[in-house]
Amino acid sequence: MSLSVDSSTFSGDVVRRTVLDNGLTVLTRELHASPIVTAMIWYRVGSRNEELGQTGKSHFLEHMLFKGTDRFKKGAIDLLTLKNGGNNNAFTSHDFTAYYFNFASDRWEIALDIEADRMVNCVFAPEEFEAEKKVVIEELRMGLDSPWGLLMQELDATAYKVHPYRNPVIGWLQDVERATDAEQQAYYRKHYHPGNATLVLSGDFETDRVLDKVMQRFSRIPRVQNSAAMTTVEPPQRGEKRIEVQWRSKVPRLGLAYHAPEIAHPDSYALQVLNLILTEGKTSRLYQRLVEREQSVTFVTAEYAESKDPTLFHIRAEARGTHTAEEIEATIYEELDRVVAEGATKQELDRAKHLVQAHFILSRERAVDQAMLLGQVETLYGLSYIDTYLDEIESVKPEDVSSVCSRYFSPAHRTVGYLVPDGSATDEEEGDYEDA
């Protein structure tokens, strides 16, 4: 017998949540606007679950799950997807690993067969493991050969003292190089099981019939005791940290990282609004000041995303012409101080709230968008986050924006990183901020 609970989300749209006896959580959302079904499975394991010396395990495992099982041999997963006119992919973050398939609604059930099988039967052939290791190492080296990839990796490793968010999702090079197939298999057995997963199905189907099909494929997989929770807590930062990273570019780059709260924290909503006010669109504060008026940067952006544990609020900028990172840094602080002193205008607040609402509307249009949102929220916090999200954003006031800017963007809470020329560049490099 399974436990089933209906959860009202998306302002009246119903998402059904079912938990099988073996612990697998299943979220189903019917969408009959187009004959498409997205099947997506989320595992509550990412780089935050990796121990020292074992970084990169989650991302490496994502690669290995496409190498096949005894039933679905090497290459069969992609071939079946292609033959059935679908597409598939996967991604790993600090907090989770997710795999998805998109198919027409008359041929999507192969996704259930594949996911149920590779949850327990992934093959770790030594030759395939070593071949894939080379692929991952090359991916890692490419990231380090990007100015933003290098700077942000060093910035995060400096901002965090003990929390595993300090490690890159792809892992540290030395850890990946010495990884073994036996260690990777043990990690797979520890984290890939029904009680650590959420299966999200969104699209053109009938829920009751689909749940029967899920039970047929997944109910026979035994329950496994969940591993101990990651309990490392980052201590408060008690002073500004500064780093300088040398690279071949002649273009100075600046990265700022401020400690910020996790998903559903009362202050997270005002910080999300502030994020939009600072850099979202051509009317945003930092764009207007740095790109339009002073023309001191080729781009400036802020990034603050939901996470399971307290995270970082990033601000990044790339210098233009003869402008320096020091000059840009000072200007950013002036604008943050102005937010503290004046708060947000009504126009800025209204615009930010409309942007959030527009994003939510877009997240309802396609099956894959809903599967992405539902799976991420369930994995990080729970569906109740969606139920209250728009109301929380709507309740943000000008003084809330000023307050969070004052408390979280203080000098004691920030880490500053400069990317500076190492003297090896011969020609002026063009901005390549998309290499983040």
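Tabulated results
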| item | result |
| --- | --- |
| Selection from the stretch 113-139 of residues that are free of Cβ contacts under 8 Å to residues at least 60 places away in the same chain and either over 30 Å from V26 (Cβ atoms) or among the β-branched types (V, I, T) (or both) | I114, V123, A125, P126, E127, E130, A131, K134, I137, E138, E139 |
| Matching residues, the stretch 297-334, being surrounded by 21 or more Cβ atoms within 10 Å (Cβ to Cβ), more than 18 Å from P421 (Cβ to Cβ) and without any contact (Cβ under 8 Å) to a residue 60 or more places away in the chain | V300, A302, Y304 |
| Residue identified as among the acidic types (D, E) and without any contact (Cβ under 8 Å) to a residue 40 or more places away in the chain among D181, D208 | D208 |
| Residue in the stretch 373-398 that is most open to solvent (accessible area, probe 1.4 Å), counting only those that are of a type in the set (F, W, Y) and closer than 20 Å to Y43 by Cα | Y381 |
| Residues (assigned to a loop (DSSP other than H, G, I, E, B) and either open to solvent by 90 Å² or more (accessible area, probe 1.4 Å) or of a type in the set (A, V, I, L, M, F, W, C) (or both)) located in the stretch 192-221 | F205, E206, R220, I221 |
| Residues that are within 17 Å of L201 (Cβ to Cβ) and of a type in the set (F, W, Y), drawn from the stretch 56-105 | Y99, Y100, F101, F103 |
| Residues located in the stretch 18-55, provided they are among the β-branched types (V, I, T), touching a helix residue (DSSP H, G or I) at 6+ places or on another chain (Cβ under 9 Å) and closer than 27 Å to G203 by Cα | T18, T25, V26, T28, I36, V37, T38, I41, V45 |
| Helices (runs of 4 or more DSSP H) (entirely within the stretch 322-385) containing at least 3 residues that are closer than 19 Å to E306 by Cα | 346-362, 367-380 |
| Looking only at the stretch 67-80, and only at residues there that are within 27 Å of S34 (Cβ to Cβ) and within 25 Å of the chain's Cα centre (by Cα), the one that is least open to solvent (accessible area, probe 1.4 Å) | I77 |
| Residue within the stretch 109-120 that is under 23 Å from the mean Cα position of the chain (by Cα), part of a loop (DSSP other than H, G, I, E, B) and buried (at least 22 other Cβ atoms within 10 Å of the Cβ) present | yes |
| Considering residues of the stretch 224-256 that are in a loop (DSSP other than H, G, I, E, B) and charged (D, E, K, R) only, the residue least open to solvent (accessible area, probe 1.4 Å) | E234 |
| Listing of strands (runs of 3 or more DSSP E) fully contained in the stretch 10-92 that carry 1 or more residues being acidic (D, E) | 13-19, 25-30 |
| Test: R29 is under 14 Å from A371 (Cβ atoms), modelled with pLDDT of 95 or more, of a type in the set (D, E, K, R) and crowded, with 22+ Cβ neighbours inside 10 Å | yes |
| The stretch 416-429 residues that are on the phi > 0 side of the Ramachandran plot, paired with ones that are at pLDDT 60 or above and surrounded by 13 or more Cβ atoms within 10 Å (Cβ to Cβ) (beta carbon under 9 Å, 6 or more apart) | G423/Q246; G423/R248 |
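So that you can scan it fast, the table gives a plain yes or no per residue for (1) buried (at least 17 other Cβ atoms within 10 Å of the Cβ); (2) assigned to a helix (DSSP H, G or I):
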residue: E127; (1), (2): no, yes
residue: E130; (1), (2): no, yes
residue: K133; (1), (2): yes, yes
residue: V136; (1), (2): yes, yes
residue: L140; (1), (2): yes, yes
residue: W148; (1), (2): yes, yes
residue: E154; (1), (2): yes, yes
residue: V162; (1), (2): no, no
residue: Y165; (1), (2): yes, yes
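The values are calculated or read from the model by the stated rules, or taken from the named source; none is laboratory data. Note that the structure is a prediction, hence the values are computed from the model and not measured. Reconstructed Cβ throughout: ideal geometry from the backbone, glycine too, with neighbour counts over all protein chains shown. Areas reflect the complete protein model, heavy atoms only, side chains present, ligands, DNA and RNA absent. Shrake-Rupley method; radii C 1.70, N 1.55, O 1.52, S 1.80 Å.
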